[in-house]
């Protein structure tokens, strides 16, 4: 279960993405008085934070990306959306499942 501080960080992250002002997680962590010794990877890869990320509907993110693409310059927002999709592990693995299945079949023949 996420701690109060993780929930606040998550909320700040969502607000920053929505407003297009997202810079880095470290900046958000500093804003919430996280220790300088706490690594961003520790927070982002924690099970609790991953559970919070699962609450976000991907359709909302994709709609936002689409609207951002129609705007002139929203580099920070696109980077934030990209980061969010990476965090949610929404990018395909290096090979598609079908390709892996075909390779396994070829090995057996």
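Laboratory data are not the source of any read-out in this text; all were calculated from the coordinates shown. Nothing here was measured: the structure is a model prediction, and the numbers come from that model. For neighbour counting, all protein chains shown are included, and Cβ atoms are generated from backbone atoms with ideal geometry for every residue, glycine included.
Where helices (runs of 4 or more DSSP H) sit wholly within the stretch 1-58, those with at least 2 residues that are within 16 Å of residue 85 (Cα to Cα) occupy 4-19, 40-44, 47-54.
Scanning the stretch 1-34 for residues that are loosely packed, with under 13 Cβ neighbours inside 10 Å and within 17 Å of residue 47 (Cβ to Cβ) turns up 1, 3, 4.
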